[in-house]
Every structure is written in structure tokens, then in C-alpha cells.
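Since every read-out is calculated from the coordinates, none of them should be taken as a lab result. As the structure is a computational prediction, the values presented were derived from the model and not from experiment. Methodologically, a virtual Cβ is constructed for each residue, glycine included, from the backbone with ideal geometry; neighbour enumeration extends over all protein chains shown.
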Amino acid sequence: MNPKTETKKKINFEKALLELEKIVDTMESRDVSLETSLKMYQRGVELLKICHHQINDAQQKVEILDKETLKMFPSE
């Protein structure tokens, strides 16, 4: 699947993080051309945004659940 197409579709956090780790490993090997490095960097930024967005969503859900849980246990 084309990475751009996959970015438009929602990929899960774990898959995005795994791909990001592979990109970092490849770029650290220094066996990559400048052009390829730039493309990989761009893809890495896309994946980072996906991960950041999903972490924010999860954090908001946890905050909502915490508020609901606190309502169940009124303070004395």
C-alpha cells in the first residue's frame, strides 16, 4: 500500500510507531541518499503527527472516564 494512501486511512498507533522506528533505524545507518532521507523524514513527520493525534485522543478519553468515575464516588 502506498504510504500516502495509508496516511489518509487511519492506521493504528502501534503500526505508525513501528514504521517510524524503522525509518529512524534506516536513517541512522547513513546508507541513504539525501533524496531518500528527505522522503523518509517527511514520512516520519506524517507518522509523528498520527501518533501525537492518537495519544491526544486517548488522553481525552481517559480524562472523560476519570470524571465519570469520580462522579460515582461522591466526596464525603
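Based on the Kirkwood radius over alpha-carbon pairs, what is the Stokes-Einstein translational diffusion coefficient of the range 3-72 at 37 °C with 0.692 mPa s viscosity, in µm²/s?
Details: Rh = 13.8 Å.
Using the Kirkwood radius from Cα pairs, D works out to 237 µm²/s.
What is the local net charge at Thr36, summed over the other residues whose Cβ is closer than 12 Å to its Cβ (Lys, Arg +1; Asp, Glu -1)? Intermediate results must be reported in sequence, preceding the final value.
Working: positive: Arg30, Lys39, Arg43; negative: Asp31, Glu35.
Within the 12 Å Cβ shell, the charges total +1.
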